[in-house]
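Comments concern the structure below.
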Amino acid sequence: MTGPRLGFFSRLLEDAPAASRYRFALEQIEAADRAGFVSAWVAQHHFGRDEGGLPSPFVLLAAAAERTRTIRLGTAVLTLPIDDPLRAAEDASVLDAMSGGRVELGVAPGGTPGSFAAFGRAADERAQIFAEHLGVFRDALAGRGIRGTESRIYPAAAGLAARVWQATFGQAGAERAAAAGDGLMLSRTQQKPNGMALHEAQLPLIAAYRRALPDGSAPRVLASRTAVVVDSDADRTRLLEASRPALERTARTTVRIDPHGLGLDELARATDTHVGTIDEVADSLSRDLVLAEATDVSFQVHSLAADHETTLRSIELLATQVAPRIGCALTGAGPAT
């Protein structure tokens, strides 16, 4: 059985000006394409550089489409309650035409409540708004009349309606994604009880998703993981030392533990951060049971303070050395849909 298809994910968090962050992301996606990654995903965040530096993912992915040949280009995710769903569908359709049908569409209700007010939205209504906007989004992508009109988007979104993924942290969200025939996106920021492994928190969501899929629907499960492969133990130590503040923040907000007094190795384990040499990363990833159930896995460098060159090297080593050891499929094993 072929393992999950190999993906790359970026939140564009390098300590650099915006133009440099965008150039880095394009070079990283281009490197992933050359290395045989099946997919590349970018996050969308508004109003600030610390959570993520990209409010307009379709703009960046259009540039990536011109630089790449086969890698699939995805949003992870569009904050659909904030975006105009019709404009999002139009942008996605144009990008799909430009890229030769390589677009994947991850959507979610949004996890940053402070972003909603500026768009005239109430954060506590985001679940309801998401459901409404997702309906408009689907109608547009499927070529149906929009909001009771005869309007159809141009260009027609050939097949894009079957390439929607929903991100969720809960079982109800996983079941909703399955009922719609959408893919399921699982985040490495999944909150979990103290002491529980990330895969232990997510395996029940995958099981619920698979049970709720309509008969004949193929499962699509994308798991996001933090993994950085370096050349030596000294490189690993330097990276972990530089990343301590970010790892401690992740421990407090995601794992909900007090990081005071934890060593660097303990912080890495507590935050499900796979970092080290080829053997070390392959060994730690082989113990993540979600990878045996996922159809796709996307690797990011966050919450590690990896610079651009470290990220490029990790992309190369993940594809050439780690992926074969953990059974990840490279380009040629079939598209993500």
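The values are calculated or read from the model by the stated rules, or taken from the named source; none is laboratory data. This structure is a prediction, so every number in the text was calculated from the model and none was measured. Positions of Cβ are backbone-derived with ideal geometry, glycine not excepted, and every protein chain shown enters the neighbour counts. SASA here: full protein model, heavy atoms, side chains in, ligands and nucleic acids out. Shrake-Rupley method; radii C 1.70, N 1.55, O 1.52, S 1.80 Å.
A few remarks follow.
- Condition met for Arg176 (charged (D, E, K, R) and farther than 20 Å from Gly110 by Cβ): no
- Unique match (being among the aromatic types (Phe, Trp, Tyr), in a loop (DSSP other than H, G, I, E, B) and open to solvent by 20 Å² or more (accessible area, probe 1.4 Å)) among Phe58, Phe47, Phe24, Phe37: Phe47
- Test: Arg138 is more than 24 Å from Asp96 (Cα to Cα) and not in a loop (DSSP other than H, G, I, E, B): no
- Test result for His302, open to solvent by less than 50 Å² (accessible area, probe 1.4 Å) and not acidic (Asp, Glu): yes
- Out of Leu285, Leu267, sole residue that is without any contact (Cβ under 8 Å) to a residue 40 or more places away in the chain, touching a Lys or Arg at 6+ places or on another chain (Cβ under 9 Å) and under 24 Å from Leu13 (Cβ atoms): Leu267
- Looking across segment 117-151, the residues that are modelled with pLDDT of 95 or more, open to solvent by less than 30 Å² (accessible area, probe 1.4 Å) and not small (Gly, Ala, Ser) come down to Ile129, Phe130, His133, Leu134, Val136, Phe137, Leu141.
- Gly53 satisfies every condition listed in (1) under 22 Å from Ala246 (Cβ atoms); (2) part of a strand (DSSP E or B) except (2).
- Out of Arg67, Arg87, sole residue that is closer than 29 Å to Cys328 by Cβ and either open to solvent by less than 30 Å² (accessible area, probe 1.4 Å) or modelled with pLDDT of 95 or more (or both): Arg67
- As a summary of the residue check, Ala19 satisfies the conditions (1) more than 17 Å from the chain's Cα centre (by Cα); (2) within 26 Å of Gln128 (Cβ to Cβ) except for the one numbered (2).
- Matching residues in segment 194-213 - criterion: being part of a loop (DSSP other than H, G, I, E, B) and at pLDDT below 95: Asn194, Gly195, Met196, Ala197
- Neighbours by Cβ (under 6 Å, 6+ apart or cross-chain): first from segment 56-74, within 15 Å of Gly36 (Cα to Cα); second open to solvent by 10 Å² or more (accessible area, probe 1.4 Å) and at pLDDT below 95: Thr70/Thr331
- Any hit, segment 254-277, residues being within 18 Å of Ser187 (Cβ to Cβ), assigned to a helix (DSSP H, G or I) and among the charged types (D, E, K, R): no
- Condition met for Val322 (in a helix (DSSP H, G or I), closer than 23 Å to Gly3 by Cα and open to solvent by less than 10 Å² (accessible area, probe 1.4 Å)): yes
- Segment 227-251, residues that are surrounded by fewer than 23 Cβ atoms within 10 Å (Cβ to Cβ) and either within 30 Å of Ala180 (Cβ to Cβ) or under 21 Å from the mean Cα position of the chain (by Cα) (or both): Ala246, Arg249, Ala251
- Residue check for Glu51: over 13 Å from the mean Cα position of the chain (by Cα) and in contact (Cβ under 8 Å) with a residue 60 or more places away in the chain: yes
- Among the residues making up segment 252-273, those that are open to solvent by less than 20 Å² (accessible area, probe 1.4 Å), at pLDDT 90 or above and not hydroxyl-bearing (Ser, Thr, Tyr) are Pro259, Leu267, Ala268.
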